[in-house]
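All remarks here apply to the structure that follows.
The values are calculated or read from the model by the stated rules, or taken from the named source; none is laboratory data. The model shown is predicted, which means the values in this text are computed figures rather than measured ones. Here the Cβ positions follow ideal geometry from the backbone for every residue, glycine too, while neighbour counts run over all protein chains shown.
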Amino acid sequence: MQKMLQLLGDRRAMLQEEGKSQRGFTLVELLVVVIIIGILAGIAIPVFLNQRTAAWRAEVETDLKNAALAAETYAVNNEGSYTGLDLTELGNNGYRASGDTTMAVTATAGDFLLTATNTNLPTGQQSLTYDSDGGGLANWP
């Protein structure tokens, strides 16, 4: 053990005499670390972006379901008719929009159609509809 310590001490003394130090990293070591970080970022960033898109989709779907529930509540209070159903009436019956989702309502006496749009979603996937006559959520890619 003592012989090992003596060898390490001799090595340290020799490096100091040559003007070299054992501290710090070489350029190659730093480049390897930067490349590894770049590879990890290249993997993580697309995964993160996909999670954001999934969250926006879930927001639109939740808003549609909440608006449909408010529309059904409106019909119960109006003897089964959806006549006069609009965004104001949805709000009066418990619907509150969330985030960047915008809602459009089309109603007849016997059914309603809700269209929710979120511009954060990719082109072609920005709108989702809820058709009370057609069985619920539709047009979802």
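If the requirement is being of a type in the set (Phe, Trp, Tyr), surrounded by 12 or more Cβ atoms within 10 Å (Cβ to Cβ) and either touching a His at 6+ places or on another chain (Cβ under 6 Å) or part of a strand (DSSP E or B) (or both), which of these qualifies: 130, 82?
130
Give me the pairs: first residue in the stretch 87-104 and within 13 Å of residue 115 (Cβ to Cβ), second residue aliphatic (A, V, I, L, M) and in a loop (DSSP other than H, G, I, E, B), beta-carbon distance under 8 Å, and six or more apart or on different chains, which are they?
Once the first residue is within 13 Å of residue 115 (Cβ to Cβ) and sits in the stretch 87-104, its partners that are aliphatic (A, V, I, L, M) and in a loop (DSSP other than H, G, I, E, B) give 103/97.
Could you check residue 124 against (1) of a type outside the set (A, V, I, L, M, F, W, C); (2) in contact with an Asp or Glu (Cβ under 7 Å, 6 or more places away or on another chain); (3) over 23 Å from residue 77 (Cβ atoms) and say which number it fails?
Status for residue 124: all satisfied but (2).
Under 6 Å by Cβ, and 6 or more places apart or on different chains, what pairs join a residue from the stretch 62-79 that is over 16 Å from residue 103 (Cα atoms) with one that is of a type in the set (D, E, K, R)?
Close Cβ pairs (under 6 Å, with a partner that is of a type in the set (D, E, K, R)) amount to 74/89.
Among the residues of the stretch 92-127, which ones are in contact with a Leu (Cβ under 6 Å, 6 or more places away or on another chain) and either modelled with pLDDT under 90 or among the aromatic types (Phe, Trp, Tyr) (or both)?
Across the stretch 92-127, the qualifying residue is only 112.
Tell me which residues, restricted to the stretch 100-121, are more than 19 Å from residue 72 (Cβ to Cβ), touching a strand residue (DSSP E or B) at 6+ places or on another chain (Cβ under 7 Å) and either among the aliphatic types (A, V, I, L, M) or in a loop (DSSP other than H, G, I, E, B) (or both).
100
Listed here are the residues, each with its yes/no results for (1) modelled with pLDDT of 90 or more; (2) charged (D, E, K, R).
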position: 15; (1), (2): no, no
position: 23; (1), (2): no, yes
position: 27; (1), (2): yes, no
position: 30; (1), (2): yes, no
position: 42; (1), (2): yes, no
position: 56; (1), (2): yes, no
position: 63; (1), (2): yes, yes
position: 71; (1), (2): yes, no
position: 78; (1), (2): yes, no
